[in-house]
Amino acid sequence: MPAVWRKVKFVPIYCLTLGQQVEATARLTQKSDFVEPPFEFDVKEHEGRPSVEISTGVFHAHKMTHEAQRQMKDKLIELLVKILAEVFVLDVSEQSLKKLFYDEHALNRAVDFTSSFVTLGNVLGYAPKTSLDAWIDVNSEDFPLKRLEEWDAAERKAKDAAADKPVSKITKGTEEPPTSPWQGKTSHADMETISLIRLALWDRAQWSGTFFMWPENSEYPPMLALLFKSADAGIDIFSHWQKELGKIDKQDRLRFTIIRGINKNNIHAYRVVVGSNPEMNLAGDASKLFFMVNRMNTMEPSSGRNLTAFLAQYNLAKAYYLAPAVLQDGSSEPEPILEKSILKRELNVRQAWEIGRNDIDATGIRDDDEPIIPEGRSDAPVVEVIKWLKECSRSID
């Protein structure tokens, strides 16, 4: 489930009432005489992210007939619906969506208000000057630039100085978590999506388990491999990580957490959570909201030997390798892909009962968990997390 972090104070959001934007790209192809009017579009996947390609035929934007304008409007609405479905995570009830789009005609009205093809021509003419170059007269007097640095040089220096300061740690919030990140006066300019998770790739890769490797009688870092059913998609995930993080995640931008004690009926069960590290994105305005996406996988082994041995080796080496591995079928030995490994130093190991509602790792708790709670700890923070998740699930249903 998506979560939201507020700078300095960490406040997880479980009940999102609007949409969370996923990183996407849009590309406009060249004009073509073979395109069905008014235009054609195709939503594809480009490097694990949604990509919208739009192809258009030749038409005069300021001389469109009423029928052509109607076709353009219908096609724009079709495009917007496709983008909403492919590029946004909408945590809104079906009833609310029907009311918004069918009863209130939100998209139709939005397109009516912004469609200005013919209107623009009526006001500014059929050849409006829409660029600065169009207004420049070659015979005008030239005024050469005299300043020696950028006009906002002071602001840039201030930002660089702020970026050099140590990153502040996230602290647990004490306020009641809001049901929506858009409560208050937070503007869209103060919101940013930070994610090292490319959803399309992870959906194809099918993360299905965790695999440990460690050397005997050595201080060499052990390996933690993520088991994927699709080798190509798993390799693509780590290839992009190597481009974004390097072969050594020096800044610990990728946050990796192991939550133990999630099931009192299986004391060896644990959950692995992977996502972006919000502490590396705290520079700037403390009121900013960060939207982040995690992926998690629950392991239910019959023994804790492998995890215990891996953690012992990690504590000795103070580092570990994170790599993809291919799981061909349930009986074969996993095959780690060593050339795609990334060296990491930070590893978060938590006990489920210690995680509270305003904890950064609260997104790794599920509403059906039965965590192991020490005797006499009736006030275990995780109880409130599970209660909150169940309330959110009921409100969404």
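The residue of the stretch 368-391 that is modelled with the lowest pLDDT, among those that are under 19 Å from His268 (Cα atoms) and acidic (Asp, Glu), is Glu375.
Here's the yes/no breakdown for (1) among the acidic types (Asp, Glu); (2) modelled with pLDDT of 80 or more; (3) under 30 Å from Asp203 (Cβ atoms); (4) part of a helix (DSSP H, G or I):
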residue	(1), (2), (3), (4)
Ala26	no, no, yes, no
Gln30	no, no, no, no
Asp33	yes, no, no, no
Glu45	yes, no, yes, no
Glu53	yes, yes, yes, no
His60	no, no, no, no
Lys73	no, yes, no, yes
Leu80	no, yes, yes, yes
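Under the condition of being under 27 Å from Ala231 (Cα atoms) and out of contact with any helix residue (DSSP H, G or I) (no Cβ under 7 Å at 6 or more places or on another chain), the residues counted in the stretch 314-362 number 23. If Pro144 satisfies all but one of (1) loosely packed, with under 12 Cβ neighbours inside 10 Å; (2) part of a helix (DSSP H, G or I), what's the number of the condition it fails? Going through the list (1) loosely packed, with under 12 Cβ neighbours inside 10 Å; (2) part of a helix (DSSP H, G or I), Pro144 breaks only (2).
Test Ala231 against the criterion of being hydrophobic (A, V, I, L, M, F, W, C), crowded, with 20+ Cβ neighbours inside 10 Å and over 19 Å from Leu343 (Cα atoms), and give yes or no.
On the way: hydrophobic (A, V, I, L, M, F, W, C): yes; crowded, with 20+ Cβ neighbours inside 10 Å: no; over 19 Å from Leu343 (Cα atoms): yes.
No: the conditions fail for Ala231.
Counting the residues of the stretch 344-397 that are hydroxyl-bearing (Ser, Thr, Tyr) and crowded, with 19+ Cβ neighbours inside 10 Å gives 1.
Conditions (1) buried (at least 19 other Cβ atoms within 10 Å of the Cβ); (2) modelled with pLDDT of 90 or more; (3) within 21 Å of Leu196 (Cβ to Cβ), marked per residue:
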{"residue": "Ser239", "(1), (2), (3)": "no, yes, yes"}
{"residue": "Gly246", "(1), (2), (3)": "no, yes, yes"}
{"residue": "Leu254", "(1), (2), (3)": "yes, yes, yes"}
{"residue": "Ile262", "(1), (2), (3)": "yes, yes, no"}
{"residue": "Asn265", "(1), (2), (3)": "no, yes, no"}
{"residue": "Ala286", "(1), (2), (3)": "no, no, no"}
{"residue": "Phe290", "(1), (2), (3)": "yes, no, yes"}
{"residue": "Glu300", "(1), (2), (3)": "no, yes, no"}
{"residue": "Gly304", "(1), (2), (3)": "no, yes, no"}
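In this structure, does Ala325 turn out to be within 27 Å of Gly246 (Cβ to Cβ) and not polar (S, T, N, Q)? Explain how you work it out, then say what you get.
Numbers: within 27 Å of Gly246 (Cβ to Cβ): yes; not polar (S, T, N, Q): yes.
Yes; evaluated as a whole, the condition is true for this residue.
Is at least one residue of the stretch 341-349 of a type in the set (A, V, I, L, M, F, W, C) and touching a Gly at 6+ places or on another chain (Cβ under 6 Å)?
no
In summary, Leu132 fulfils each of the numbered conditions (1) at pLDDT below 80; (2) out of contact with any helix residue (DSSP H, G or I) (no Cβ under 7 Å at 6 or more places or on another chain); (3) of a type in the set (A, V, I, L, M) with the single exception of condition (1).
For the stretch 69-91, the criterion of being among the basic types (Lys, Arg) and in contact (Cβ under 8 Å) with a residue 40 or more places away in the chain is met by at least one residue.
Scan the stretch 119-136 residue by residue and report those that are of a type in the set (Gly, Ala, Ser), assigned to a loop (DSSP other than H, G, I, E, B) and more than 16 Å from His60 (Cα to Cα).
Answer for the stretch 119-136, where residues must be of a type in the set (Gly, Ala, Ser), assigned to a loop (DSSP other than H, G, I, E, B) and more than 16 Å from His60 (Cα to Cα): just Ser131.
Count of the stretch 197-225 residues, restricted to those that are out of contact with any Gly (no Cβ under 7 Å at 6 or more places or on another chain) and in contact (Cβ under 8 Å) with a residue 60 or more places away in the chain, is 18. For the stretch 333-356, the tally of residues that are in a loop (DSSP other than H, G, I, E, B) and out of contact with any strand residue (DSSP E or B) (no Cβ under 9 Å at 6 or more places or on another chain) stands at 1.
The values are calculated or read from the model by the stated rules, or taken from the named source; none is laboratory data. Values in this document were obtained by computation on a predicted structure and should not be read as measured data. Heads up, the Cβs are rebuilt from the backbone with ideal geometry, glycines too, and the neighbour counts pull from every protein chain shown.
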